[in-house]
1. Considering only the chain, what is the antiparallel percent among its DSSP beta bridges, to the nearest 5?
2. Considering amide H positions built from the backbone, and no H for Pro or chain starts, which residues 5 or more places from Gln228, or on another chain, come under 5 Å of its amide H?
3. Determine the principal axes of the Cα atoms in the chain, then give the extent along each, sorted from largest to smallest and rounded to whole angstroms.
4. From the phi of every residue in the stretch 179-189, what ³J(HN,Hα) in whole Hz does the Karplus formula 6.51 cos²θ - 1.76 cosθ + 1.60 yield, where θ is phi - 60° and glycine or proline is x?
5. Can you give the convex hull volume of the alpha carbon atoms of the stretch 103-239 per residue, in Å³?
6. Residue-wise, which Karplus ³J(HN,Hα) couplings in Hz belong to the stretch 103-117, taking 6.51 cos²θ - 1.76 cosθ + 1.60, θ = phi - 60°, and x for glycine or proline?
7. Among Lys61/Lys182; Lys35/Lys74; Lys28/Lys61; Lys55/Lys182; Lys69/Lys220, which pairs are too far apart, with a Cα-Cα distance over 21 Å?
8. If you roll a 1.4 angstrom probe over the protein chains with everything in place, what fraction of the accessible area of the chain belongs to carbon and sulfur, to the nearest %?
Amino acid sequence: MGRAFEFRKARKMKRWAAMAKTFTRIGKDIVMAVKEGGPDPDANSRLRAVIQNAKAANMPKDNVERAIKRASDKDQGEYKEVLFEGYAPHGIAILVETATDNNNRTVANIRSYFNKCNGNLGTSGSVEFMFDHTCNFRINGEGIDPEELELEFIDYGAEEIFEDEDGILIYAPFGSFGAIQKELENRSIEILSSGFERIPQVTKQLNEEQVADVEKLLEKIEEDEDVQNVYHSMQEATA
C-alpha cells in the first residue's frame, strides 16, 4: 500500500469528535459551493460533492436544505479560503485550511495559537511544498474489483486505489478531481463522499513528551471555528 493508504489509516484515529464541528464545516462548504456555482446541485458539481459529504456525515437533510437556502440569500456573507503555514515545536510542519468571513480575526487567532504553544507562523509557501495536495473519492464498492478500477482510472489521474470496510477509496492529484468525478458519474458509480487532503511527503517521529507539545497546538487550532482542516508532518500511530 502507498502513502495515501497509510495516511488515511492514521487519520481515522484522529476524526473530529464533535458532530457540531463537522456540520459547521460542511455548512461553510455549502455556502462556498453555492456562491461559486449556484444552488442547483445538478448544475453545480462542487455542491453535488458537498451534499454527498453531508449525507456521509449523517447531516440531516433539513440542515442541508437550510444551508443552501441561506447561501442563496444576498445578505449571506462570503467565506474566503485562506491557508496558513507554520511550524509546531520540534520542527513539525503544519498546514491550516480555513474558511473565514473575517480574515483579520482568523489571522490574529491562528498567530496566537502558534505563539502560545512555542510554534512559529510562517509565510506563504514556507511549508506547503512539503505536502502533496490530493483529491479523494469514497465509492460504493459492491461488484467492483479495485485492481480493475485502478487500471481503468489511471487515465483520469488516479494514483492509488484501495478497499476498506467502508468502500473503495480513490486517491489522485488535486487537479484530477473534476475528471474523476465526471467519469464516476458517467458510469453511475455511487460516490459516498469526496474531498481534498494534504499528505506529508516525509513524517517525523517524536517521543511521547514531544508529541504532547505538538498535540497541544493542534488541539487549539482545530477548536477554532474558522478552521476547516489541519495537516502536519508528525508521524502518527496507526494502531
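1. 95
2. Glu97, Thr98, Ala99
3. Principal extents (largest minus smallest coordinate, Cα): 50, 48, 29 Å.
4. 5, 6, 4, 4, 5, 4, 5, 4, 8, 6, 8
5. About 147 Å³ per residue, rounded to a whole number.
6. 4, 4, 4, 5, 4, 4, 5, 4, 4, 5, 5, 4, 5, 5, 10
7. Details: Lys61/Lys182 24 Å; Lys35/Lys74 10 Å; Lys28/Lys61 16 Å; Lys55/Lys182 19 Å; Lys69/Lys220 32 Å.
Checking Cα-Cα distances, Lys61/Lys182; Lys69/Lys220 exceed 21 Å.
8. Details: 5990 of 12920 Å².
That fraction is 46 percent.
The values are calculated or read from the model by the stated rules, or taken from the named source; none is laboratory data. Because the structure is a prediction, the values reported are computed rather than measured. Calculation scope for accessible area: heavy atoms of the full protein, side chains included, ligands and nucleic acids excluded. Shrake-Rupley method; radii C 1.70, N 1.55, O 1.52, S 1.80 Å.
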